Amino acid sequence: QDHVCSLHKVPFRGAPCSDAAGSQVPYSTIMKQVNSSLSGVLWDEVQKAPFYEYKDSVGQFHQVWFDDPHSISLKAAYVKSRGLRGIGMWNGNSLDYSREAAAEQQTQAMWQALTP
């Protein structure tokens, strides 16, 4: 099926299929890899999150799900509209803090998205 990626069944706290089968990828890698991916950026309307698809050097199909400023801002707006006390980002140190202009812009946009 289109846009279906099978995960290897790796037990994690009793769940037969979980994120234990995946790995974390730095945001800078995602931003570089998405441009050469099979799909480009795709959007999941249910999860309000972007993802993309690629094949590795041995032809294995992969999906990478991530947050970007748009998806973060939707989540932050939801928190604010419900009067919740806050929102956090899973791993801010995975952003690209290099001095490259594009990286600085992306990182600043991610942090600004947390404050609707």
Members of region 102-116 that are under 15 Å from His70 (Cα atoms) and open to solvent by less than 70 Å² (accessible area, probe 1.4 Å): Gln106, Thr107, Ala109, Met110, Ala113, Leu114
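Do we find that Ser57 is open to solvent by 30 Å² or more (accessible area, probe 1.4 Å) and either in contact with a Leu (Cβ under 7 Å, 6 or more places away or on another chain) or under 14 Å from Thr29 (Cα atoms) (or both) in this structure?
Details: open to solvent by 30 Å² or more (accessible area, probe 1.4 Å): yes; either in contact with a Leu (Cβ under 7 Å, 6 or more places away or on another chain) or under 14 Å from Thr29 (Cα atoms) (or both): no.
The answer is no for Ser57.
In the list Gly88, Gly40, Gly59, which residue meets the criterion of being more than 13 Å from the chain's Cα centre (by Cα), in a loop (DSSP other than H, G, I, E, B) and farther than 21 Å from Gly22 by Cα?
Details: Gly40 fails: farther than 21 Å from Gly22 by Cα; Gly59 fails: farther than 21 Å from Gly22 by Cα.
None of the other options fit; the residue is Gly88.
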Total residues in region 75-85, condition open to solvent by 100 Å² or more (accessible area, probe 1.4 Å), of a type in the set (D, E, K, R) and outside any loop (DSSP other than H, G, I, E, B): 1
Of residues in region 89-101 being open to solvent by less than 60 Å² (accessible area, probe 1.4 Å) and without any contact (Cβ under 8 Å) to a residue 40 or more places away in the chain, the one nearest to Lys48 (Cα to Cα): Met89
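The values are calculated or read from the model by the stated rules, or taken from the named source; none is laboratory data. What you see is a predicted model, and the numbers here were worked out from it, not measured in a lab. Methodologically, a virtual Cβ is constructed for each residue, glycine included, from the backbone with ideal geometry; neighbour enumeration extends over all protein chains shown. For the accessible areas, the whole protein counts, side chains as well, though only heavy atoms, and no ligand, DNA or RNA atoms are used. Shrake-Rupley method; radii C 1.70, N 1.55, O 1.52, S 1.80 Å.
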